[in-house]
Amino acid sequence: MFEAVEELIGEHADLEKQLADPAVHADQANARRLNKRYAELTPIVSTYRAWRQTGDDIETARELGADDPEFAAEVKELDKERGDLTERLRLLLVPRDPSDDKDVILEVKAGEGGEESALFAGDLLRMYLRYAERVGWKTEILDANESDLGGYKDVQVAVKAKASHEPGNGVWARLKYEGGVHRVQRVPATESQGRIHTSAAGVLVTPEAEDVEVEIGPNDLRIDVYRSSGPGGQSVNTTDSAVRITHLPSGLVVSCQNEKSQLQNKESAMRILRSRLLAAAQEEAEREASDARRSQVRTVDRSERIRTYNYPENRISDHRVGFKAYNLDQVLDGDLDAMIQACVDADSAAKLAAAGDAG
């Protein structure tokens, strides 16, 4: 582990020299890339330096402790501090998901359960919007297909970080664990006899792709326009503003009708299409490297029932990591941090175990 750190310290020092050269900043794209890598390495370097300093302090305290009991007592505290730093360093050295700093497109889609499922999809949307508000992210609804009772048959939302953040703590780093089937148990608004029903909604989270990451040829697309349907104001239903884009090589189809402008709907549809194509490419790469990743927490299996929301017991359960809490009302109001952190911790533990097996 520490041989790897020494190499990273050398890389960090080299990056520092490059970033101090004004000529480097003439190429803004390269400067951003160097700054990003420098920010990733800085916590590793500072933690390693603190770890080494603590080792020196322990040796000094042991030497002085032979004559002074106060120094002897300090050794125990320093040993604990060094153990904590060792664990932090191991976690910092866990291979990172290269998409962790990306913004995302989050989609919620009603599943089995009819109108009740659409209402639950609306509750999930509100939960994610409230969570984004709590952590200071910006949200933009790209497209929405509402149900008759005010829920959502499907809805797509762009979630973006407002400002710089610690490496590995971006939108994808937190929300990637939300992808999958979410199950709800409650008495539906449409139930007259008070019986508890079970229904479900699907959540799809994809890192938002930049234009340079996904190559789409001009002949790869078929673009159709049509008249919007459903709720939406005076002009939405009277003009051909809705857009359907078919990516011919993959067969992916994306439709948007949320805006009055055909151009805006096309731009939103292209954002969703690019993110889905990027996710598909990443999943293919992950399948090819499945042996190295088989121990990790599943984050993108659309068929896996990942979570249950039990209203009568005010209980939330994540089936992947065994997380359970009785604050469902708070979770639905956007208090997701504890549940997401349980997934992050399980993922890190799995990666550490895999790294240990490989070593």
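If I go through the stretch 192-228 residue by residue, how many of them are open to solvent by 70 Å² or more (accessible area, probe 1.4 Å), out of contact with any strand residue (DSSP E or B) (no Cβ under 8 Å at 6 or more places or on another chain) and either modelled with pLDDT of 70 or more or farther than 30 Å from Lys102 by Cβ (or both)?
Qualifying residue count, the stretch 192-228: 6.
Exactly one of these conditions fails for Arg134: (1) surrounded by fewer than 14 Cβ atoms within 10 Å (Cβ to Cβ); (2) in contact (Cβ under 8 Å) with a residue 24 or more places away in the chain; (3) over 26 Å from the mean Cα position of the chain (by Cα). Give me its number.
Against the list (1) surrounded by fewer than 14 Cβ atoms within 10 Å (Cβ to Cβ); (2) in contact (Cβ under 8 Å) with a residue 24 or more places away in the chain; (3) over 26 Å from the mean Cα position of the chain (by Cα), Arg134 comes up short only on (3).
In this structure, does Ala66 turn out to be farther than 30 Å from Gly170 by Cα and open to solvent by less than 50 Å² (accessible area, probe 1.4 Å)?
Answer is no for this residue.
Hey, among the residues in the stretch 252-276 that are closer than 23 Å to Trp172 by Cα and of a type outside the set (A, V, I, L, M, F, W, C), which one's most open to solvent (accessible area, probe 1.4 Å)?
Restricting to residues being closer than 23 Å to Trp172 by Cα and of a type outside the set (A, V, I, L, M, F, W, C), the top hit is Glu267.
Out of Glu140, Glu107, Glu87, Glu112, which single residue is within 17 Å of the chain's Cα centre (by Cα) and loosely packed, with under 15 Cβ neighbours inside 10 Å?
Glu140
Which residue pairs have Cβ atoms under 8 Å apart, sit 6 or more places apart or on different chains, and have a first residue in the stretch 269-282 that is hydroxyl-bearing (Ser, Thr, Tyr) and a second that is outside any helix (DSSP H, G or I) and modelled with pLDDT of 90 or more?
If the second residue must be outside any helix (DSSP H, G or I) and modelled with pLDDT of 90 or more, the pairs left are Ser275/Val104; Ser275/Ile105.
Does Val321 fit the bill of being open to solvent by less than 40 Å² (accessible area, probe 1.4 Å) and either more than 17 Å from Arg186 (Cα to Cα) or not in a strand (DSSP E or B) (or both)?
In short, no.
Going by what's in this entry, would Val94 be described as among the β-branched types (Val, Ile, Thr), touching a residue at least 60 places away in the same chain (Cβ under 8 Å) and either surrounded by 14 or more Cβ atoms within 10 Å (Cβ to Cβ) or closer than 30 Å to Ala346 by Cβ (or both)?
yes
State all residues of the stretch 24-46 that are small (Gly, Ala, Ser), free of Cβ contacts under 8 Å to residues at least 60 places away in the same chain and open to solvent by less than 70 Å² (accessible area, probe 1.4 Å); if no residue qualifies, say none.
Result: Ala29, Ala31, Ser46.
Consider the stretch 143-161. How many of its residues are touching a Leu at 6+ places or on another chain (Cβ under 8 Å) and open to solvent by 30 Å² or more (accessible area, probe 1.4 Å)?
Adding up the residues that qualify gives 3.
The values are calculated or read from the model by the stated rules, or taken from the named source; none is laboratory data. Just so it is clear, the structure is predicted and the values come from calculations on it, not from any experiment. Note that we place each Cβ from the backbone using ideal geometry, even for glycine, and neighbour counts take in every protein chain shown. Heavy atoms of the whole protein, side chains included, go into the accessibility calculation; ligands, DNA and RNA do not. Shrake-Rupley method; radii C 1.70, N 1.55, O 1.52, S 1.80 Å.
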